[in-house]
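Here the structure comes first, spelled out in structure tokens, and everything after it is commentary.
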Amino acid sequence: MAKRVRTLLRVSSKMQLKDNDIPIQRAEVADYIKKQKDWVFDGEYIERAVSAYRNGVEDREVLLNILEDAKNKEFDILLTYMSDRIGRKEEYST
């Protein structure tokens, strides 16, 4: 059975937006998904210029949407370019 995979692409500063960091992340995760036999891309979440260090979960609308979608079993896997795209605080690791 195929696993539905969603991606989280995030930049924490406006400078990273100018450096086209989102397209680089998108290409890397897409390439990774293609290498997995039973993974199917199901959509992406994008968080632009939001610091995961300065903002808690309650302040990050995209992260709240991901949590809600996960609770509703809308996808099986959340893939990020790097784990720090989710957050840098310990609260995100549980």
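If you take all other residues with their beta carbon under 10 Å from the beta carbon of V62, and give Lys and Arg +1 and Asp and Glu -1, the sum is +1. Under the simplified labelling scheme, the N65-M1 pair shows an inter-label distance of 2.7 nm, with each label point 7 Å from Cα along Cα→Cβ. Near G43: Cβ cut-off under 10 Å, other residues only, Lys/Arg at +1 and Asp/Glu at -1. The net charge is -2.
None of the figures in this text is laboratory data; all of them are computed from the coordinates on show. The model shown is predicted, which means the values in this text are computed figures rather than measured ones. Using ideal geometry, Cβ is built from the backbone for each residue, glycine included, and neighbour counts are taken over all protein chains shown.
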